[in-house]
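A short worksheet on the structure shown next.
The values are calculated or read from the model by the stated rules, or taken from the named source; none is laboratory data. It should be emphasised that the depicted structure is a prediction, and the values quoted were computed from it without experimental measurement. We place every Cβ from the backbone using ideal geometry, glycine too, and count neighbours over all the protein chains shown. We work out accessible area using only protein heavy atoms, side chains counted, and drop any ligands, DNA or RNA first. Shrake-Rupley method; radii C 1.70, N 1.55, O 1.52, S 1.80 Å.
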Amino acid sequence: MVRASAKVSVTVVTGNEQHIGRTAALLLSVCSGLLMGAAQPALLDQGWLAWIGLVPVLIALHHQPPASRFIVALPCGIGWSVGAHVWYPAMFGPVWGTLLIVAVGCFYAGVLQFGTVLAERLPTPIGVIGLPLAWSAAEFGRTILPVAGDWWFELLAKTQWRFPPSLQIVSITGFAGLSFLIMACNTALATSWPAILQRQIPWASLLTLGGVAVVLGWGWWEVQQVPLSAKLVRVGSIADQANQLSLSAGNTTDVSLQVLQRDITLTRELRAYQPQLIVWPENELADDPTITAHIQALARESGAFLVVDMVWPTPDGLYDAAVIFGPDGSEIGRQAKINVTDEERQAGFIAGPRRSVVVTTPFGIVGLGVCYDRHTPEVTRMLAKAGAQIVAMPADDDLMGDPRFPRTHAADTVLRAVENRVAMVVGNTIGMALAVDPVGRIVFASAIHQTVAEAGQVFTVAERPLYTAAGDWFGWFSIVAVGSWLLISTIRQTKGCRTAAPRS
């Protein structure tokens with residue numbers, strides 16, 4: 001018996017249809033998985049690859065029957081998920097972490113399959129935006145669902161955290177608009193390929209690419225223009241490597257004093273720069289008169305507004321709170337952490353009330369939050385609506401010591417800054433101590449796993465963008481648009497089947 005050996009082939013079928021063999025399609029999918037994985041902040045952080053990384057798999061998907069597209073998309077989805085969630089095993093353990101990476105990869109593959117089917121159901125001129133709309137709807141929808149909203153799936157938009165021109169669209173649409181833009185670029189490039197081979201002009205794809213270019217050009221212009229109303233502020237923050245020490249000892253006064261001495265030493269290193277605002281990490285310092293007295297003395301010594309993280313006992317429960325002290329040493333505001341983690345709940349902390357604490361200073365209005373409050377858009381948006389021009393957040397990005405996690409959290413900081421046109425200043429444990437201006441430029445970012453004090457100059461503006469006022473309108477639009485077209489196409493198909501049915 002002679003067995004036919006498997007071979008990689010791309011064959012052209014007679015007529016205008018092109019067919020890609022299953023093996024070749026899977027290899028294209030693997031290629032996209034590698035490119036998209038490399039684009040993720042947690043892995044190689046090459047965000048530019050996200051604009052072209054899906055082109056190979058989309059070419060493959062558009063030349064496969066709908067029923068087999070999930071299998072073809074799966075290598076891409078898993079490779080993408082590995083790059084985005086390489087830190088899962090550190091959080092959940094090697095077995096559960098690996099299984100969750102695969103599960104998220106299946107989610108990605110499913111959305112790619114669904115999006116390509118939706119694109120084929122749409123009229124030809126607008127089919128190019130079918131997948132981008134489906135992706136935006138799925139990505140945004142996951143964040144607002146009661147249970148899935150707490151799942152940490154990395155957003156496509158976060159690949160752009162180091163590229164300010166592409167970020168500017170989020171001040172209008174939120175993260176969903178940037179994810180749509182990246183998907184639209186990939187889809188337009190992929191759908192251009194068959195038309196070009198057939199010596200046709202892919203007008204819809206060219207118009208889409210032109211729209212992407214216009215948005216990026218506008219973004220580049222926005223980054224270059226510092227508003228006339230801008231005010232410059234000197235800020236500093238520290239990374240102290242201390243939080244694991246404080247957590248393991250239960251936040252006692254003695255351990256808090258050890259952490260405090262380290263932070264005082266680092267803060268004094270900023271003296272020559274004379275920062276007006278200094279932000280410490282999320283160390284849950286004990287709410288003790290001795291601790292408070294040291295912080296007040298340091299605020300007077302530095303002549304700066306000092307934001308620290310402290311345990312806040314209340315009749316309602318135990319809060320993890322950002323506390324701001326003025327240059328005279330007095331406490332002038334505190335904000336309880338709204339988004340607490342499961343680990344913090346187990347340690348006895350409860351979620352703070354959904355309110356916005358802002359403090360007026362000589363250099364602008366400062367809003368407060370804590371760590372995970374950066375992860376969801378709502379907290380920073382609430383602070384911006386309350387008038388905040390600078391948002392100060394103590395943070396702890398020590399995920400079991402995994403050095404790949406902090407960049408994913410830092411990317412949230414950049415998105416929140418641009419969405420609301422606020423400056424963000426973050427103190428951290430293992431890194432990154434970070435400052436971002438309202439157009440997403442990173443003023444400073446400390447290295448991971450370093451004890452360091454950083455300082456720089458941000459600008460602030462009083463004007464608020466559309467996103468602050470209107471919120472996630474684009475995400476809701478994507479959901480409504482996709483749902484409406486699915487309903488319409490289903491009705492049309494049902495009517496078509498009835499019309500085509502033979503009469504008895």
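Annotations for the structure displayed:
- Karplus 3J(HN,Hα) series, Hz, for region 38-51 with 6.51 cos²θ - 1.76 cosθ + 1.60 (x for Gly, Pro): 5, 6, 6, x, 6, 9, 8, 6, 9, x, 4, 5, 4, 6
- Where the chain is the region considered: accessible area per residue in Å², 1.4 Å probe: 42
- Region 100-254: Rg to Rh, with Rh as the Kirkwood radius over Cα pairs: 1.12
- Annotated for the chain: lysine pairs at least 8 residues apart or interchain, Cα distance under 24 Å, count 4.
- Value of relative contact order over region 19-105, rounded to a whole percent, pairs C-alpha under 8 Å and six or more apart: 33
- Apolar share of the accessible surface for the chain: 63 percent from carbon plus sulfur atoms, 1.4 Å probe.
- Order by protection proxy (mean Cβ within 10 Å, highest first), peptides 233-242, 154-163: 233-242, 154-163
- Whole-Hz couplings from phi, Karplus 6.51/-1.76/1.60, listed for region 418-428; x for Gly and Pro: 6, 3, 10, 6, 10, 7, 10, 10, 10, x, 9
- With DNA, RNA and ligands ignored, accessible area of TRP473 (1.4 Å probe; Å², nearest 10): 100
- Dividing the C-alpha radius of gyration of region 274-374 by 2.2 N^0.38 Å, with N its residue count, gives 1.05.
- Alpha-carbon Rg with Dmax, taken over region 142-223, Å: 15.4, 49
- Computed from Cα atoms, the angle from the helix 94-121 axis to the main principal axis of the chain rounds to 50 degrees.
- Under the Debye formula (equal points on every Cα, no solvent term), log10 I(q)/I(0) of the chain at q = 0.07, 0.10, 0.13 Å⁻¹: -0.42, -0.78, -1.18
- Of the beta bridges in the chain, as assigned by DSSP with both residues counted there, near 70 percent are antiparallel.
- Residue-averaged [θ]222 nm for the chain, counting only DSSP H segments that reach four residues, each worth -39500 (n - 2.57): -15000 deg cm²/dmol
- Nearest-10 value in Å² for the accessible area of VAL86, using the 1.4 Å probe: 30
- In the chain, a dipole from Cβ-located charges (positive for Lys and Arg, negative for Asp and Glu) runs towards its positive end, and of GLY333, SER484, THR361 it is SER484 whose Cα lies farthest in that direction.
- Sorted largest first, the spans of the alpha carbon positions of region 396-448 along the three principal axes are 32, 16, 13 Å.
- Burial order of peptide ranges 445-451, 382-388 (average beta-carbon count within 10 Å, highest first): 382-388, 445-451
- The Rg/Rh ratio of region 204-334, with both radii computed over alpha carbons and Rh defined as the Kirkwood radius, is 1.21.
- Computed across region 381-504, the Kirkwood hydrodynamic radius from all distinct Cα-Cα pairs reaches 17.6 Å.
- Cα centroid separation - region 33-60 against region 315-378, whole Å: 36
- Listed residue (VAL255, ALA293, VAL170) projecting farthest to the positive dipole end of the chain, Cβ model: VAL170
- By average C-beta atoms within 10 angstrom, highest first, the peptides 340-349, 76-85, 38-47, 220-229: 76-85, 38-47, 340-349, 220-229
- Scattering curve values for region 302-429, log₁₀ I(q)/I(0), Debye with Cα scatterers, q = 0.14, 0.16, 0.20 Å⁻¹: -0.59, -0.77, -1.18
- Point-charge dipole on Cβ atoms (K/R +1, D/E -1) for region 185-336, about Cα centre, debye to 20: 920
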